[in-house]
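Below is one structure; the comments refer to it alone.
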Amino acid sequence: MKKLKIQISSACPLRYNMAVWLAKSRTITHHLKRKVGFMGIFHQDLWTSSSSSSCMQPGPLLSIFIPGFHEHQNSSTPRLFPFNSSISTRFSLHRFKSTKAASQLEHLYSSTDDDDHDNSQDLDFPGGKVACISEMRFLPESAGKRIPCYRVLDDNGEIIVGSDYEQLCEEIAVKMYTNMVSLQMMDTMFYEAQRQGRISFYMTSTGEEAINIASAAALSADDIVLPQYREPGILLWRGFTIEEFASQCFGNEDDCGKGRQMPMHYGSKKHNFVTISSPIATQLSQAVGVAYSLKMDKKDACVVTYTGDGGTSEGDFHAALNFAAVTEAPVVFICRNNGWAISTNISEQFRSDGIVVRGQAYGIRSIRVDGNDALAVYSAIHTAREMAISEQRPVLVEALSYRVGHHSTSDDSTKYRSVDEIEYWKMVRNPVNRFRKWVERNGWWSEEEESELRSSMKKQLLQVIQVAEKKEKPPLKELFSDVYDITPPNLREQEKQLRETIIRHPQDYPSDVPL
């Protein structure tokens, strides 16, 4: 049997100068985790101490509280060993606990539909009591009816009678609409630039502008966003300039990513927007970790992370939901269910009723919303954010939309779906047009303002693209910087070999990259 040794610093008082051995059995492990939590066992502050008067010395010292060991006789408060008064106030090791979760589970496990249920047969199982019945029942594969979709605006941009939604003032509503138009036009211009061979890659948000802008409007600037790759509207809303978008796509010297990322893989520390990475769904579990850190620091903010319907087929999605539910992290998962995971239709991807039903399976509050209805998206995300922060819980939002554009510039979607289907969603179910009708109906927008916006935006985009294209690329040395404080020998050797290759074959090296 393996042993877990708890080392006591020799600088501690004599009564603590001992070694305690614990059998690493399931009973003791359960007891320790229940009392101090996982974070209590591996808390960073306890490995070293910066205090000169501390009895703890730098080094691999593991401190664990053992109930009943060296407790003060006149106090009911348990003590830690080795004891250090300078860190005792910081030793908040208990994992954040929720009485809500416990009561909800207890109610769930103890309830039954049978009036004549024999409570004496209940199974007192870890996590709560489970009712036992004599009838063999299998849960059905579906609930029979699909989960309804929350909507505020009809296809004509009119408020549906009896709608429950967050009110928007003129300033926010107009900004939302102008940002949706700007995003739409930016996508068109950059997509054409790629087709002309001026940038190497691009992905549009066509058909999903409402999810981008409306969700961004519902958040605070302090909320941290971990995107997938179809959320440039979040940055646009937060003040990322057209020049910055262009610099990233062209990978020039003004690109904050120094040309190391694929085009449209944006990131901005200033705007709390974590850099996009190509691997699908990896950002989801990372978002939970970030949200848990906000919870520990008692921040008045949450984390919002995005994924597509294809991303929910990755293991990261399921791990993230379970992780968030167990830790009760203030994170909002937004799934853009646009019907297609590149060329895979959702009917070929899963048999469940979309994504919204998966939230309940993991113990997460969830809602399905019309992703082409900007007012509904804004209201749902606004409320989800409040829940996440005030109740310290995760929330899952499934936004039903449609990817009107191709998956990327590497895709031709007409090979797997009809042109008529695309045109229907582009014209009849257009989220930008629907929101415009509502804004105009309120007297906040006019045809003259529409023409002026589109004309000025087109001129700005053309000018910005021309300028960004002519700028130099980041210098060669940036390929090897920003990873190590002191460049290791292997990277120095690689840089040397690269420079020698360029000298031998200058004709194969781009002239706009400074050496």
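Side notes on the structure shown:
Residue-wise test of (1) open to solvent by 10 Å² or more (accessible area, probe 1.4 Å); (2) modelled with pLDDT under 95.
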site	(1), (2)
Phe125	yes, yes
Glu135	yes, yes
Tyr177	no, no
Asp187	no, no
Gln196	yes, no
Glu209	no, no
Ile213	no, no
Ala217	yes, no
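- For segment 484-499, residues that are open to solvent by 50 Å² or more (accessible area, probe 1.4 Å) and of a type in the set (Val, Ile, Thr) total 1.
- For segment 150-159, a tally of residues being closer than 22 Å to Ser366 by Cβ, part of a loop (DSSP other than H, G, I, E, B) and open to solvent by less than 60 Å² (accessible area, probe 1.4 Å) returns 1.
- Out of Thr188, Thr178, sole residue that is assigned by the TED database to the domain that holds Ile465, over 30 Å from Arg260 (Cβ atoms) and outside any loop (DSSP other than H, G, I, E, B): Thr178
- Considering residues of segment 433-459 that are closer than 25 Å to Pro263 by Cα and open to solvent by less than 70 Å² (accessible area, probe 1.4 Å) only, the residue farthest from the chain's Cα centre (by Cα): Ser456
- Test result for Ala287, in the same structural domain as Arg230 (by the TED database) and in contact with a Leu (Cβ under 9 Å, 6 or more places away or on another chain): yes
- Residue within segment 121-135 that is under 30 Å from Ser278 (Cβ atoms) and touching a His at 6+ places or on another chain (Cβ under 7 Å) present: no
- Yes/no for Glu231 being within 23 Å of Lys175 (Cα to Cα), of a type in the set (D, E, K, R), modelled with pLDDT of 95 or more and in contact with a strand residue (DSSP E or B) (Cβ under 6 Å, 6 or more places away or on another chain): yes
- Between Leu462, Leu515, the distinction of being part of a loop (DSSP other than H, G, I, E, B) and surrounded by fewer than 15 Cβ atoms within 10 Å (Cβ to Cβ) belongs to Leu515 only.
- In segment 157-186, of all residues being without any contact (Cβ under 8 Å) to a residue 60 or more places away in the chain and touching an Asp or Glu at 6+ places or on another chain (Cβ under 8 Å), the one that is farthest from Ser379 (Cα to Cα) corresponds to Leu183.
- Among the residues making up segment 465-483, those that are acidic (Asp, Glu) and surrounded by 14 or more Cβ atoms within 10 Å (Cβ to Cβ) are Glu469, Glu478.
- Evaluation of Ile422 against the conditions (1) under 25 Å from Gly207 (Cα atoms); (2) touching a residue at least 24 places away in the same chain (Cβ under 8 Å); (3) within 30 Å of the chain's Cα centre (by Cα) shows that the sole unmet condition is (2).
- Checked against the criterion of being open to solvent by less than 10 Å² (accessible area, probe 1.4 Å) and either modelled with pLDDT of 95 or more or farther than 18 Å from Glu231 by Cα (or both), the candidates Arg336, Arg365 yield just one match: Arg336.
- Check on Ile502, surrounded by 11 or more Cβ atoms within 10 Å (Cβ to Cβ), aliphatic (A, V, I, L, M) and in contact with a Lys or Arg (Cβ under 8 Å, 6 or more places away or on another chain): no
- Residue within segment 274-282 that is of a type in the set (Gly, Ala, Ser) and either free of Cβ contacts under 8 Å to residues at least 12 places away in the same chain or open to solvent by 10 Å² or more (accessible area, probe 1.4 Å) (or both) present: yes
- Test result for Phe250, of a type in the set (A, V, I, L, M, F, W, C), crowded, with 19+ Cβ neighbours inside 10 Å and more than 15 Å from the chain's Cα centre (by Cα): yes
- Some residue of segment 392-407 being over 31 Å from the mean Cα position of the chain (by Cα) and assigned to a loop (DSSP other than H, G, I, E, B): no
- Inter-residue pairs, beta-carbon under 6 Å, first not assigned by the TED database to the domain that holds Asn252 and in segment 484-511, second among the β-branched types (Val, Ile, Thr) and exposed (fewer than 10 other Cβ atoms within 10 Å of the Cβ), 6+ apart: none
The values are calculated or read from the model by the stated rules, or taken from the named source; none is laboratory data. Because the structure is a prediction, the values reported are computed rather than measured. Backbone-built Cβ (ideal geometry, glycine too); neighbour counts: all protein chains shown. Note: areas computed on protein heavy atoms with side chains; ligands, DNA, RNA excluded. Shrake-Rupley method; radii C 1.70, N 1.55, O 1.52, S 1.80 Å.
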